[in-house]
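Okay, structure first, notes after.
The values are calculated or read from the model by the stated rules, or taken from the named source; none is laboratory data. Treat the numbers as computed from the prediction; the structure is a model and nothing was measured. Here Cβ is always computed from backbone atoms with ideal geometry, including for glycine, and neighbour counts include all displayed protein chains. Remember, those area values only see protein heavy atoms, side chains included, never the ligands or the DNA or RNA. Shrake-Rupley method; radii C 1.70, N 1.55, O 1.52, S 1.80 Å.
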Amino acid sequence: MTLSHHAAAALLAAPAFALILPMPAAAQTAAPSAEHTLTANLSLASEYRYRGIMQTNRRPAIQGGFDYSHASGFYAGNWNSSISWLNDSNDEVSAPIEMDFYAGFKNTFGDGRWNYDVGVLQYYYPGDYPANFTRPYTTELYAGIGYGPVFLKYSYAPTNLFGFHDSKNSWYVDLSANVPLEFWGLTLNAHVGYQKVQNVADASYTDWKLGLTKDLGNGLALAVAYIDTNADRTVYTNAKGRYMGRGTAWATLTKTF
């Protein structure tokens, strides 16, 4: 069963920023020592996965964005990626780009090993849509708390979720760990998450990831991972007949400026 045009948009993967969405880099790094900091990032990924679901139909993606942060802990930014999932699920749709806009506040407390992050994230998909198509635009409010390398985050959508009709109040919870290893400058990346899609039968699912990141120096980082989900095939199969939640090996090369 292929995705309906109303359900098509639950197809996103972090960052991500790189969740492997990409979650926004600003939301993952500690507050800088400078009062004002502006950075940029550019990535080439083997494919774009968001919350375990394919966004580019197994094809490579180009991604990048900008981040502003203040010493107080305030941050704001924009992250963008090439996508094909909307068109893959409906030939009448032309929306080749995802644009994310976010802002929030993060800081440490206690002995400095505790940290928190709260904010808002807007997913925007400029393009052409047919009449009566549920737009995929999504707003999420998020809050997270971490200790050392472990972070627990909850995201809540007061809007419809990625094009699923009547899906307001959906939510996503994820637990991640980024553990520095004692050899070759590697970091172990582990993640498990659960996406609850309100009022849509069989659309909720769990995703997970296990991978490694290598700092190559000069602002370059290479990440590899295995990503998988238990997403229902009857919901998450696109019009091209591809199951969008299948397990895959994944890699990305990122340059930070």
It is to be established whether one or more residues within region 53-66 are farther than 26 Å from Gly247 by Cα and either buried (at least 16 other Cβ atoms within 10 Å of the Cβ) or at pLDDT below 95 (or both).
yes
Taking Thr237 as meeting all but one of (1) surrounded by 16 or more Cβ atoms within 10 Å (Cβ to Cβ); (2) closer than 13 Å to Gly52 by Cα, write down the number of the exception.
(2)
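Yes or no, residue by residue, for (1) assigned to a loop (DSSP other than H, G, I, E, B); (2) closer than 21 Å to Tyr172 by Cβ; (3) in contact with a Pro (Cβ under 9 Å, 6 or more places away or on another chain):
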| site | (1), (2), (3) |
| --- | --- |
| Leu210 | no, yes, no |
| Thr213 | no, no, no |
| Leu222 | no, no, no |
| Tyr226 | no, yes, no |
| Asp232 | yes, yes, no |
| Val235 | yes, yes, no |
| Lys240 | yes, no, no |
| Trp250 | no, yes, no |
Checking Phe183 against (1) of a type in the set (Phe, Trp, Tyr); (2) in a strand (DSSP E or B); (3) closer than 27 Å to Trp114 by Cα, which single condition isn't satisfied?
(2)
Please indicate, with yes or no, whether at least one residue in region 238-251 is out of contact with any Asp or Glu (no Cβ under 7 Å at 6 or more places or on another chain), among the basic types (Lys, Arg), at pLDDT 95 or above and within 26 Å of Asn87 (Cβ to Cβ).
yes
Of the candidates Asp174, Asp202, Asp207, Asp166, the one satisfying the condition of being surrounded by fewer than 15 Cβ atoms within 10 Å (Cβ to Cβ), acidic (Asp, Glu) and within 21 Å of Tyr123 (Cα to Cα) is Asp166
Residue hits (region 108-155; more than 23 Å from Ser82 (Cα to Cα), open to solvent by 70 Å² or more (accessible area, probe 1.4 Å) and in a strand (DSSP E or B)) are Thr108, Phe109, Trp114, Tyr116, Leu141, Ile145, Tyr147, Leu152, Tyr154
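Yes/no per residue for (1) in contact with a strand residue (DSSP E or B) (Cβ under 9 Å, 6 or more places away or on another chain); (2) within 21 Å of His165 (Cβ to Cβ); (3) of a type outside the set (Gly, Ala, Ser):
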site: His70; (1), (2), (3): yes, no, yes
site: Trp85; (1), (2), (3): yes, yes, yes
site: Asn90; (1), (2), (3): no, yes, yes
site: Ala95; (1), (2), (3): yes, yes, no
site: Trp114; (1), (2), (3): yes, no, yes
site: Val120; (1), (2), (3): yes, no, yes
site: Pro130; (1), (2), (3): no, yes, yes
site: Arg135; (1), (2), (3): no, yes, yes
site: Thr139; (1), (2), (3): yes, yes, yes
Pick from region 201-255 the residues that are farther than 20 Å from Leu188 by Cα and of a type in the set (Val, Ile, Thr): which of them is nearest to the chain's Cα centre (by Cα)?
Thr206
